[in-house]
Amino acid sequence: MAQRWLLKTEPSTYSWADLVRDRRTVWDGVKNALALKHLAAVATGDEVLVYHTGDEKAAVGIAKVVRGGYPDPKQKDARLVVVDLEPSKALARPVALGAMRANRKLAGFDLLRLPRLSVMPVSAEQWAAIMEMARR
């Protein structure tokens, strides 16, 4: 069964618009041990929330994993993994971090508990809450 994830990016480095323009990308640059563990678990067919960090701090789009976790071909360390993504759709309305913090359905979400983590799982309940917020 497909899982869901949240991946963070600094939009000045690589944004949702860049992913849409490129139509496909290798998601790399993850160094944190827990984030790498999560990234290695990402599988083909999984859905991903793309989250902009920096001044924006909001979930902005949904991408599909077209190649699950594999060793980064640009690195010598096999622990450094990457995934390949394609954009699916922009959220109707970005969902800001502040709004997520205010939503009781998202209590315990890793995004709120572990703010420096760049890759994290998203439960079905958390995904549904975020999708509902994006429609408002």
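Out of the range 10-46, which residues are more than 19 Å from TYR70 (Cα to Cα) and either touching a Leu at 6+ places or on another chain (Cβ under 7 Å) or polar (S, T, N, Q) (or both)?
Within the range 10-46, SER12, THR13, SER15, LEU19 meet the criteria.
Contact list please: Cβ distance under 7 Å, first residue in the range 112-123 and touching a residue at least 60 places away in the same chain (Cβ under 8 Å) and closer than 14 Å to LYS57 by Cα, second residue in a loop (DSSP other than H, G, I, E, B) and open to solvent by less than 30 Å² (accessible area, probe 1.4 Å), pairs at least six apart or on different chains.
Short answer, once both residue conditions are applied: SER118/VAL30.
What are the residues in the range 92-113 that are of a type in the set (A, V, I, L, M) and either out of contact with any strand residue (DSSP E or B) (no Cβ under 7 Å at 6 or more places or on another chain) or at positive phi (or both), if any?
ALA92, ALA99, MET100, ALA102, LEU106, ALA107, LEU112
Quick one: which strands (runs of 3 or more DSSP E) sit completely within the range 1-97 and have at least 2 residues that are surrounded by 14 or more Cβ atoms within 10 Å (Cβ to Cβ) and charged (D, E, K, R)?
Output list reads 4-9, 58-71, 81-96.
Over 15 Å from LEU49 (Cα atoms) and either under 14 Å from the mean Cα position of the chain (by Cα) or assigned to a loop (DSSP other than H, G, I, E, B) (or both): is that true of ARG101 in this structure? Give the derivation first.
Details: over 15 Å from LEU49 (Cα atoms): yes; either under 14 Å from the mean Cα position of the chain (by Cα) or assigned to a loop (DSSP other than H, G, I, E, B) (or both): no.
No.
Conditions first: (1) acidic (Asp, Glu); (2) within 13 Å of the chain's Cα centre (by Cα); (3) open to solvent by 40 Å² or more (accessible area, probe 1.4 Å). GLU125 passes all but one, so which condition is the exception?
So the condition that GLU125 fails would be (2).
Taking SER118 as the residue in question, decide whether it is hydroxyl-bearing (Ser, Thr, Tyr), within 18 Å of GLY29 (Cβ to Cβ) and either in contact with a Lys or Arg (Cβ under 7 Å, 6 or more places away or on another chain) or open to solvent by 30 Å² or more (accessible area, probe 1.4 Å) (or both).
yes
How do the pairs read when you match residues in the range 17-37 that are in contact (Cβ under 8 Å) with a residue 12 or more places away in the chain with residues anywhere that are assigned to a helix (DSSP H, G or I) and not basic (Lys, Arg), using Cβ under 6 Å and keeping only pairs 6 or more apart or on different chains?
Qualifying pairs under 6 Å: THR25/LEU19; VAL30/LEU36; VAL30/LEU39.
The values are calculated or read from the model by the stated rules, or taken from the named source; none is laboratory data. Because the structure is predicted, anything quoted here is derived from the model rather than measured. Ideal geometry is used to build each Cβ from the backbone, glycine not excepted, and the neighbour counts take in all protein chains shown. Keep in mind that these areas ignore ligands, DNA and RNA; they rest on the heavy atoms of the full protein, side chains included. Shrake-Rupley method; radii C 1.70, N 1.55, O 1.52, S 1.80 Å.
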